[in-house]
Every structure is written in C-alpha cells, then in structure tokens.
1. With respect to F276, determine if the residue is at pLDDT below 95 and either acidic (D, E) or outside the structural domain of S136 (by TED's automatic domain parsing) (or both).
2. Return the pairs, sorted by first residue and then second, in which the second residue is crowded, with 19+ Cβ neighbours inside 10 Å and of a type in the set (V, I, T), the first residue lies in the range 105-118 and is more than 13 Å from D170 (Cα to Cα), the beta carbons are less than 7 Å apart, and the residues are 6+ apart or on different chains.
3. Let me spell it out: the conditions are (1) under 21 Å from A317 (Cα atoms); (2) among the hydrophobic types (A, V, I, L, M, F, W, C); (3) not in a helix (DSSP H, G or I), and C254 meets all of them except one. Which number is the exception?
4. Taking the range 195-224 as the search range and keeping residues that are assigned to a strand (DSSP E or B) and not β-branched (V, I, T), which one is farthest from P279 (Cα to Cα)?
5. Which residues, taken from the range 160-184, are among the basic types (K, R) and out of contact with any Gly (no Cβ under 9 Å at 6 or more places or on another chain)?
6. Can you tell me which condition L155 does not meet? The list is (1) among the hydrophobic types (A, V, I, L, M, F, W, C); (2) crowded, with 17+ Cβ neighbours inside 10 Å; (3) without any contact (Cβ under 8 Å) to a residue 24 or more places away in the chain, and all the others hold.
7. Can you give me the number of residues within the range 91-109 that are within 30 Å of A202 (Cα to Cα) and in a helix (DSSP H, G or I)?
8. Could you run through the range 312-343 and say how many residues are assigned to a loop (DSSP other than H, G, I, E, B), touching a residue at least 40 places away in the same chain (Cβ under 8 Å) and loosely packed, with under 12 Cβ neighbours inside 10 Å?
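The values are calculated or read from the model by the stated rules, or taken from the named source; none is laboratory data. Just so we're clear, the structure is a prediction, and the values are computed from it rather than from any experiment. Note: ideal-geometry Cβ built from the backbone for every residue, glycine included; neighbour counts use all protein chains shown.
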Amino acid sequence: MAGETRANVIPLHTNRGRVAARRRADQRAESARQHPSLLADPHGRASAEQIAAVVREIDEHRRAAAAGSAEAPLNELAQRVAAVAGFLRQRLTGDYTVDEFGFDPHFNAAIVRPLLRFFFRSWFRVEVSGVENLPSDGAALVVANHAGVLPFDGLMLSVAVHDEHPAQRDLRLLAADMVFDLPVVGEAARKAGHTMACTTDAHRLLAAGELTAVFPEGYKGLGKRFEDRYRLQRFGRGGFVTAALRTKAPIVPCSIIGSEEIYPMLTDVKLLARLFGLPYFPVTPLFPLAGPAGLVPLPSKWRIAFGEPIYTNDYSASDADDPMVTFELTDQVRETIQQTLYRLLAGRRNIFFG
C-alpha cells in the first residue's frame, strides 16, 4: 500500500538455535560433572544429582579427617612405648653418664621432666618472659623468690629454662638439706641435677659453667602465711652473691607469681612442726582437713619473668669477701625481684586465669 513502510523481518532458523541451545546445555552439564559445587547457572537450582555428589564429597572428607584423628593417639602411644623401650635399653646397658653431683641427664629427660610438664603446661599454665636474659652457654646464677609450702616453684623454673630457652639448658637448683634426707625424693633430686644450698656447691657449679638457681628466702619464703604473699623475706647473708663474684657469673633476678596461691597457708602449727621435725606445719583451706586430697595444689595461673642480668665482671677478687659489697649487691637483687613482682601483680586480673 502507498505510504506504508515495510518492516524488515529477521528470519528464524529454528533448527540452528535448538542445536546451539543443546550444545550449551551439554557444556553446563559437563561442568557440573567436573565439580558438583559448580553450577552452570548461578541463579538456578541444583539438581538432586549435584546435591548428592556434594554430600558424598563432604562425607569422604569427614571420614578422612576422622581416620587421621584416630591415628594420632595411636602414633603418640607408639612414640611413648618407643621412648620407654629406649630408656630401659640405655639403663640396662649402662649407656648414660652421671656427674660428680649425681646428675643423670638421661633420667632427667626421660622421667622427671615429662612428669613436670603436665603441671607446667596444663595445671599451672605457666607463661615465661625474659628467657633471652639467660646465657646460651656458660655460668649464670638465677635468683628467685620462694613460696608455696612445697617447692613447686623450683620445679617449674627448671622446666621453663629447658623448654622455653633456645639452648634447652638444664637448670641446677640449690635446695635445702632436708630434701636430700628424704628417701626416694633425695635420690631423685640428685639425679635431676640439684644439690645442697651452700656456698661451696654453688661455687663448684658456677665454676663448671652451669646454669644455677637459688632461692635466698629459704624456708622463710616457702612457709610464710598467705597474708604475707609476695612480700620478700630476708635474703640471708648473701652467700649466693659471694659465689657469683668469685666465679664472675652474672646474676639473673627472677620473679614468679602464682606459686603463693597453690597452698594458701592460713597458719603454722609450730608444735606439730617440732614433733615431726619439719620447718613448719601448714594449715591450708584443704589441708589437713581434706586428708591426702589437700596435697593437690590449686591450679593458679603462673608467670615467670627473668630480669636483665647483673654482671659481676667489674668486681675484684677481694669484693667477694667484703660484707658491704655483698650486702649492697644482695639488696639490689632483692629490690629488683620485689618491684617486678609488684608490676606482674598489677597486671593480673584473676588468680586462676591470669
């Protein structure tokens, strides 16, 4: 018709469009088969086959993880059995050494330290700082506060030095004479590398280049009442300073918090202490009322902080015999430990959680 414009008609190729659509559908199906989590159409719904494939894959991963976790205890058990077998072999063949103090490194590493690690890691959850202040080799004298009725602080200190220091050094504790008079305990203490707290033994250890620890408060610190917690007692006559000066060993102040709360000592029954030949007879909230259960330490949160070393190289040989020099150095160490204790306590929010 005149005046009308004819529209351009685009021809429809029906068969060709169906072939292309089929090809795209096949490609999507192939992609879905390659990994069930990849849907060809991100806005579409997954098919039942795809969902089942995803579930199967998840189950396979879960079974593999369960198998791995089941094998872990078996592997750990096998390692422990192998360690015990190795220990027995060495003990039977005599393939181990003991030094002049009775220190048996093999016994300490295989028996003593693994037992103490439970208390160190799981019970007291000890946090350690300042291990870089301990030398990697050579002599040093660690001086720490003492508390807790039973000397767990010395035991935890020895584990801290070995496990937290890169050199994994053995710490030699200077302990009270009574420890070595106790059956079994005294022999175990010797084998663990510890000896009596006297100037002579301290000098011998330091002269041999050993990392040594001393608790100058002695029984006064170990057996003080809970109301006096974290108040340092008198440091004695400074025998540890004399040993350090004579051997030119650095003195490392060490502050421990957490030990005062394991057995909160309410009072000391002096009559019973004299009767049993003990330095004190503690009464705590659980002991002796709870019997043997009262001997279980409370799980307080511990922190051990090693301070900067005090070097003794500039002191002369005669200074070791000068009471004024030893007193001044003893007081410096004591004040350093006390101030660090105050600082650590100020940052603690809870006795059991730190």
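1. Judged against the criteria, F276 is a match.
2. L116/V159; R117/V159
3. (1)
4. Only one residue fits best here, namely L211.
5. R169, the sole residue that qualifies.
6. The single condition L155 does not satisfy is (3).
7. 6
8. Looking only at that region, the number is 1.
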